[in-house]
Amino acid sequence: MQRRQFLKNSVLLSAAGLVGPAVASQTVMHNSAPLAAPVMRRRFVLSQTYKLAPPQGSSGVVKLWIPLPVDTAFQQMTGLSFSGNYQQAYITTNNTYGAKTLFATWPTSEGDLLLQLDLEIETADWEPLKQDALKNWQAPEQIVYPLAVKPYLLPTTHTPVDGLVRETAQKITAGETDPLKKARLIYEWVSSHMERDNDVIGCGTGDVATILQSGKLSGKCTDISSVFVALARASGIPARELFGIRLGKANKLERYSKSAFGKADSAGVSDVSGGQHCRAEFYLAGYGWLPCDPADVTKMRLAEKKAHQDPDVQAVNAYLFGNWEMNWVGFNYGRDFELYPATEQGAVNNFGYPYAEVDGDPLNFYDPKVFTYHYVSTEQR
């Protein structure tokens with residue numbers, strides 16, 4: 001039990017007094033317009049192998065929580081199978097975000113702790129702006145958000161909306177009232193002012209206040225997406241992170257970078273054990289949810305050693321406001337919330353990685369070799 005404080009300042013917080021959304025199901029919340037036909041769908045099998053390794057000095061009951069994909073207009077989980085030597089394993093969505101979870105437990109940490117999970121996933125590129133889906137949209141004179149959307153205006157522990165966050169948002173939007181234009185101003189500010197820092201562990205913690213207060217506008221995908229989300233919420237625009245993982249090569253964006261957006265071998269096979277990636281969405285009143293990904297703009301810029309104004313960077317920057325290429329799958333929108341069954345460490349920052357405890361001591365999910373888990377994605381052709 002001596003490792004109780006492990007990762008306490010990164011992903012696990014006992015968030016006393018946090019303000020968090022209470023949402024029953026994310027599937028019904030995706031109000032994006034229907035995908036235009038014909039739609040090219042991609043199919044992947046994501047195979048996950050777990051052979052858990054308890055931390056030194058830890059023993060006792062072992063619990064494992066694995067995030068599963070959310071079903072939306074742009075992705076569906078079409079098949080799921082799992083096996084192992086666990087005592088029990090079951091699927092649950094019993095948490096405030098309805099984050100779909102495979103939970104497994106073993107009575108003791110001695111011996112092999114094994115679980116094999118195979119997911120069949122179908123995706124379709126989500127490109128509302130590219131498909132001109134907003135051509136008949138106009139900003140409402142009076143904005144009324146659906147009840148299911150309103151929670152995504154609220155602060156959480158890692159995404160405050162007051163103080164410096166609100167001040168920064170006001171400077172960026174400079175009196176603009178059109179919600180789409182405000183979202184675009186925030187996106188452009190984040191993608192141009194923030195930098196990717198490859199020294200950050202995992203996907204980053206997305207601690208927005210700390211990032212803005214430090215003046216060091218850098219991090220990884222969770223950090224960058226969360227800054228966008230917090231600034232949007234502070235501007236009166238519902239926004240949320242979607243935590244997921246890359247599945248294979250990028251067909252459209254590969255021309256701009258061979259490495260930044262995902263890759264696979266000639267057979268469509270990709271080791272994605274470290275492929276977790278966080279994207280962002282914002283809600284446009286009178287239309288629905290729209291995608292964006294300022295973090296991948298910064299990743300491509302660093303990978304290719306190019307300035308933000310480089311034509312290739314600008315092409316990617318333009319595409320990733322309002323469009324996603326779906327060689328990626330999203331798991332859930334959960335932020336600063338309790339998993340089910342409850343963890344001994346309390347609320348989790350986000351649920352983009354698997355999480356496990358041995359007698360209450362967490363495993364280092366940032367390092368798949370230490371955890372240990374191995375993910376392989378194979379595109380079906």
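The values are calculated or read from the model by the stated rules, or taken from the named source; none is laboratory data. These numbers were taken from a predicted model, which means no experiment stands behind them. Here the Cβ positions follow ideal geometry from the backbone for every residue, glycine too, while neighbour counts run over all protein chains shown. In case anyone asks, the SASA skips ligands and DNA or RNA and just uses the protein heavy atoms, side chains included. Shrake-Rupley method; radii C 1.70, N 1.55, O 1.52, S 1.80 Å.
Quick notes on this structure:
- Within-10-Å neighbourhood charge of Trp289 [Cβ basis; K, R +1; D, E -1]: 0
- Under-5 Å amide H pairs with Ala264, H placed in peptide plane, nonlocal only: Lys249
- All-pairs Cα distance distribution in region 106-255, expressed in whole percent, bin size 5 Å: 1, 8, 14, 16, 17, 14, 12, 8, 4, 3, 2, 1, 0
- Rounded D (µm²/s) - region 79-151, Kirkwood Rh over Cα pairs, Stokes-Einstein at 10 °C, 1.306 mPa s: 92
- Each residue of the chain gets 134 Å³ once the volume of the Cα convex hull is shared out per residue.
- For Ala53, the residues 5 or more places off, or on other chains, whose built amide H falls under 5 Å of its own are Thr372.
- Extension gain, Asn198 back to Leu80 (0.36 nm per residue minus Cα-Cα distance, nm): 39.2 nm
- As a ratio to 2.2 N^0.38 Å, the alpha-carbon radius of gyration for region 267-381 is 1.32.
- Accessible surface of the chain, 1.4 Å probe, proportion on carbon and sulfur as whole %: 51
- Global geometry of region 213-290, whether rounded, prolate or oblate, following the gyration tensor of its Cα atoms and the 1.5 cut on a/c: prolate
- Residues whose placed amide H lies under 5 Å from that of Thr108, excluding near-sequence neighbours: Val62
- Positive-end residue of Pro362, Pro69, Gly219, charge dipole of the chain with Cβ unit charges: Gly219
- Between region 186-262 and region 332-381, the alpha-carbon center distance in angstrom: 20
- 29 Å Cα-Cα reach of Lys306 towards lysines, excluding residues that sit fewer than 8 places from it in its own chain: Lys130, Lys171, Lys181, Lys182, Lys216, Lys220, Lys249, Lys252, Lys258, Lys263
- The charge dipole of the chain, taken about its Cα centre with unit charges on the Cβ atoms of Lys, Arg (+1), Asp and Glu (-1) only, comes to about 480 debye.
- Estimated from the Cβ-Cβ distance and a Förster radius of 25 angstrom, the FRET efficiency linking Ser266 and Asp310 is about 0.30.
- Gain on full stretching of the segment that runs from Lys51 to Val376 - 0.36 nm per residue minus C-alpha separation: 115.5 nm
- Mean projected area (nm²) of the alpha-carbon convex hull when region 45-96 is viewed from all directions: 5.6
- Unit charges on C-beta of K, R, D, E only; dipole of region 293-381, Debye: 420
- Signed unit charges on C-beta, dipole axis of the chain, positive-most listed residue Gln87, Ala174, Gly268: Ala174
- Over the residues of the chain, the helix contribution to mean residue ellipticity at 222 nm works out to -5500 deg cm²/dmol, using -39500 (n - 2.57) for each DSSP H run of at least 4.
- Vicinal HN-Hα couplings computed from phi for region 283-289 (Karplus, 6.51 cos²θ - 1.76 cosθ + 1.60; Hz; Gly/Pro x): 9, 9, 4, x, 10, x, 6
- In order along region 222-232, the Karplus-derived 3J(HN,Hα) couplings, from 6.51 cos²θ - 1.76 cosθ + 1.60 at θ = phi - 60°, round to 5, 4, 6, 4, 5, 4, 4, 4, 5, 5, 5 Hz, and Gly and Pro are given as x.
- Solvent-accessible heavy-atom area per residue, rounded to whole Å², over the chain at 1.4 Å: 40
- Listed values for region 302-313 are Karplus-derived 3J(HN,Hα) couplings in whole Hz (6.51 cos²θ - 1.76 cosθ + 1.60, θ = phi - 60°), namely 6, 4, 9, 6, 10, 6, 4, 7, 4, x, 5, 5, and x replaces Gly and Pro.
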